[in-house]
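What follows is a short report on a single structure.
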């Protein structure tokens, strides 16, 4: 059971980081890559927020005893 919790935590951290990148691209703050279809699109801000919240929940469940 410990391996499953570790995987959940790792996937959760990756989801938080990717969700943060999507949100920043959607808000037109981060321009990486320079020719991305996500830049300035509010849909990706919402998608990134949902992914980041899912990642937070995965980390929380992975750390729960």
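No value in this document is a laboratory result; all are computed from the given coordinates. The structure displayed is predicted, hence computed values, not measured ones. Methodologically, a virtual Cβ is constructed for each residue, glycine included, from the backbone with ideal geometry; neighbour enumeration extends over all protein chains shown.
Sorting the segments 48-60, 27-39 by their mean number of nearby beta carbons within 10 angstrom, highest to lowest, gives 48-60, 27-39.
Over 16 Å apart: what share of the alpha carbon pairs of the range 2-63 falls there, rounded to a whole percent? So the pairs more than 16 Å apart make up 45 percent of the total in the range 2-63. Using a cutoff of 8 angstrom between alpha carbon atoms and counting only pairs six or more residues apart, the relative contact order for the chain works out to 48 percent. Of 64, 5, the sequence from fewest to most neighbouring Cβ atoms within 10 angstrom is 64, 5. Taking the longest Cα principal axis of the chain as reference, the axis of helix 2-26 is set at about 10 degrees. What do you get for the angle between helix 42-63 and the principal long axis of the chain? Use alpha-carbon atoms, 0 to 90 degrees, nearest ten. It is inclined by approximately 10 degrees. Here's the picture: a label point sits 7 Å out from the Cα of residue 14 along the beta-carbon direction, and within the range 24-60 the residues with their amide nitrogen under 15 Å of it are 52, 55-56, 58-59. Could you pull out which residues in the range 24-64 have an amide N less than 20 Å from a spot 7 Å beyond the Cα of residue 5, following the Cα-Cβ vector? Once the point is set 7 Å along Cα→Cβ of residue 5, 55-64 turn out to lie under 20 Å by backbone N, inside the range 24-64.
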